[in-house]
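What follows is a set of notes on a single structure, which appears directly below.
Computed from the coordinates by the stated procedures, all read-outs in this text should not be read as laboratory data. Please read all numbers here as calculations on a predicted model, not as lab measurements. Here the Cβ is made from the backbone with ideal geometry for all residues, glycine too, and neighbour counts use every protein chain on show.
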Amino acid sequence: MPNEALHPASTFRQILHVDMDAFYVSVEELENPSLRGKAVIVGGDPDRRGVVAAASYEARKFGVHSAQPLHTARRLCPHAIFLQGHYEKYREYSRAIYAILGEMTPLVEMVSVDEAYLDMTGCERLHGPLLAAADSLVRKIKQRTGLNCSVGASTSCLVSKIASDQAKPHGLLYVVPGSEAQFLAPLPVRRMPGIGRVTEPRLRALGIETIGDLQRLNPEELKSHFGRFGEWLYLRARGKDLNERIEANGPQSISHETTFETDTCDREELERTLSYLAQRVGRRLREHQIFARTVGLKLRYADFQTFTRDISLREPTNVDSVIYEHVRHLFHCTFNPQWKVRLLGVRVSKLETTAFQTSLLDAAQTAKISQLLKAADQVRKRYGFDALQMARSLDPKKN
Amino acid sequence: MNMEFTARKSELLKELDLAQGVAEKKTTIPILSNILLEATDSELRLSATDLELALRCGCPARVKKTGASTVPGKRLLEVVRSLPDAEIKFKVLENHFIQVTCERSSFKLAGMAKDNFPALPEAPRELAIIPAGVLTLMIQRTGFAISSEESRYTLNGALLLLKPDRILMVATDGHRLAQVEREVQVEGLDNELRVLIPKRAMGELYRLLSQGGDQSPIRFSKDESHLFFSVGHRILISRVLTGQFPNYEAVIPRENHRVMEAKKEQIAEAIRRVALLADERSRAIRLQLAKGRLEIFSSSGEYGEAHEVLDVSYDSEDMQIGFNYQYLLDFLGVVGESENVRMELKDEQSAGQLRPAEDDACRYRYVVMPMRV
């Protein structure tokens, strides 16, 4: 592994997993202190379809958790305060956190707005032993953003992730090198990332409830039950993950998706939505000052059949209309109008952060569009994203 | 029936070399890898084609028996090249074998019947006579900018614009554009004529012209689907490239008021040095301009970075701009006699224009889009 090659002296890696505590809710509380200590759910109007994006610890006491349908959340916790969510704000905080993490090590991988892995291998001289470094990181984040986080520290991403989860809320858990298997043993198998609704019942059928049970099986037995996946289970149960690598290259892709309130096969509405999502994505690209070489579509029908399609561009772009044009093309190639659509997503990847050649033949037009978008972004910064949109994404019936 | 003739090695080799340039290199249609040999009264005619391009040429021969046959081009060329400069005797044997004898060497090459060789179109009435020297220079100064990307079909050739009093050639690959214009009387032309010449035809035409010297003029003609360039006793035939060439006039910058002038050799060498540590994939270098001074930077994640300072003439505001170094070197390599070159810029996102500080007989302009760095 490259990180080890750089530090041949260290016999194991030193990984931190940082997970913000109830991130969206905590940001809301910072912005509006009267919410503190109350059951708060971010996700939108519970009368409409949607899922919980985040819930405060008070709400979680009632069984509310993220990704739960909003109406279920309301049934469990009727007195909760439901918020639309201020995603721009969350991103601002996320960037601030990323900056702090970057002061620890250059190898930071943000896996989402509120979660990151840090490879601290070889940083002892800078920040002291891993545990001390983790402690000072938690304090720094609290001091500079006012937010709490939980940190797991160990020799692998896998164990650190489980450790941060165990440490929640606002805790720090250090798994001493060599004791990974021991640490994992008492935990139910479900706590292991990668073991979910499908694998858990199969393991239970074999009498395996905890990761410790899993550790008692030899690789051949696991392989006979699970094939290649069995080998993976064998290693994971011991806290080893050979494929993990911290990608410090910023975001690998940017995507926006939306679930329709009611499933639809209205082409007009679907295209309108794509246009809106394309603008969302375009704006994020411009915000980060990066350009994308690949545009992708995600299309989920009412029966949960999901299709993704990608197309490569001749020249990297951050222009809404170019993203839309390509995603619409993909949509036309993929969409079956006899089926109702549940979810649409637009995703850009192959993000170009290094130098790239710009195009000559449509340079004048590109320059004009870039100026236009710059102005649009300024308006949006002031009045919100929806203040200004491409006509394509407006609903003629509503306007 | 059985063709038999003798030709001089030096005379034959030149023609074979040109013909082999046009013959098909892939082996999908075997007859296209062959060269058609036709012996008439006092002459040997050679023809080669890959169906996109075709060449007919020839050399003097002492013909004992007239006739025709085809021979694998690559093998024949290698054989003839290896022989001493003497008379080479050709004789067609049974089953299309051809015997090649020269002094004490003898070869028997497996040929194919001439009937399978595609018929080449005949040149219609000539439309214009183009001075060879002018076209050579134009191909040299624009040919490199033609796109090789097959998906950009209309950019796979250069635009040749013939007017009674001037010739213009433009090529672009979508990132840069090279344009050269020359005032010259074009004989036989009373109207404007626009054609797209495919990239390969440009290359072979250039070879043909450099073989024939700058002396003989090019007699140009065309029909519905072919272009004909005849130079002396040789004729190059190309399939036309159809489609709309981009509006090249629209991309020529008009507001590039920041002008830098530098010694051609100096700037070319500096770029070559700095390029050694440029990112290999993007080939990006960064130019930073200040009064009287140009700094060139490069950096590669893997190998390190490079930096060089040049004294130049520059009098505008400080600015910096990124370019693909290869695009700049391509221009500097063919710009011609002028000792100084000029770079005219607007800002870091707009196309820059490069040109010789003093125009020679041709007016040469090169427009390059910057890189985002």
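Structure data summary
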item: For B:170-177, mean number of other protein chain Cβ atoms within 10 Å; result: 3
item: Within the range B:87-230: Cβ-based charge dipole about Cα centre, in debye rounded to nearest 20 (Lys, Arg +1; Asp, Glu -1); result: 400
item: Mean Cβ count within 10 Å, highest first, over the residues of peptides B:149-160, B:106-117, A:146-157; result: A:146-157, B:149-160, B:106-117
item: Kirkwood estimate for the protein assembly as shown, i.e. one over the average of 1/r between Cα atoms, Å; result: 32.5
item: The range B:365-373 - phi-based ³J(HN,Hα) in whole Hz, Karplus 6.51/-1.76/1.60, Gly and Pro as x; result: 10, 10, 10, 10, 7, x, 9, 7, 10
item: Helix-only mean residue ellipticity at 222 nm for the protein assembly as shown, each DSSP H run of n ≥ 4 adding -39500 (n - 2.57), per residue, nearest 500; result: -9500 deg cm²/dmol
item: Debye intensity ratio I(q)/I(0), log10, the range B:252-368, q values 0.21, 0.23 Å⁻¹ (C-alpha model); result: -1.22, -1.44
item: 25 °C / 0.890 mPa s Stokes-Einstein diffusion coefficient of chain A, Kirkwood radius on C-alpha pairs, µm²/s; result: 104
item: Per-residue Cβ neighbour rank within 10 angstrom, fewest leading, A:His17, A:His332, B:His226; result: A:His332, B:His226, A:His17
item: Measure of compaction for the range B:4-116 (Cα Rg per 2.2 N^0.38 Å); result: 0.96
item: Share, in percent, of DSSP beta bridges within the range A:16-175 that are antiparallel, nearest 5; result: 75
item: Tail weight of P(r) past 19 Å, computed on alpha-carbon pairs of the range A:16-175, percent; result: 54
item: Cβ-based charge dipole, the range B:236-373, positive-most Cα from B:Met319, B:Ile237, B:Gln288; result: B:Ile237
item: Amide proton proximity set for B:Val373, modelled H, under 5 Å, gap of 5+; result: B:Gly322
item: Shielding of A:359-367 by partner chains, average beta-carbon count, 10 Å; result: 6
item: Dimensionless Rg/Rh of the range B:128-248 - Kirkwood Rh, Rg from C-alpha atoms; result: 0.93
item: Modelled FRET efficiency - R0 41 Å, A:Lys168 with A:Asp266, Cβ distances, 0.05 increments; result: 0.45
item: Of the trypsin sites (Lys or Arg not before Pro) in the range B:267-334, those whose Cβ has at most 16 other Cβ within 10 Å and which sit in DSSP loop; result: B:Arg281, B:Lys291
item: Efficiency of FRET between B:Asn191 and B:Thr28 - r from beta-carbon atoms, R0 41 angstrom, step 0.05; result: 0.50
item: Student exercise, the range A:253-398 dipole from Lys, Arg, Asp, Glu Cβ charges, in Debye to nearest 20; result: 300
item: Cβ-based net charge around A:Arg60, under 12 Å, with every Lys or Arg adding one and every Asp or Glu removing one; result: 0
item: Dipole magnitude of chain A about its Cα centre (Cβ charges: Lys, Arg +1; Asp, Glu -1), debye to nearest 20; result: 520
item: Hydrodynamic radius by Kirkwood, which averages 1/r over all alpha carbon pairs of chain B, in angstrom; result: 23.1
item: Nearest 10 degrees, 0 to 90: helix B:73-82 Cα axis against chain B principal axis; result: 90
item: ³J(HN,Hα), Karplus 6.51/-1.76/1.60, whole Hz, each residue of the range B:164-171, x for Gly, Pro; result: x, 10, 7, 10, 9, 10, 9, 9
item: Beta bridge orientation in the protein assembly as shown: antiparallel %, DSSP, nearest 5; result: 95
item: Dimensionless Rg ratio for the range A:253-398, taking C-alpha atoms and the 2.2 N^0.38 Å reference; result: 1.05
item: In degrees, nearest ten, helix B:9-22 long axis to first principal axis of chain B (Cα); result: 60
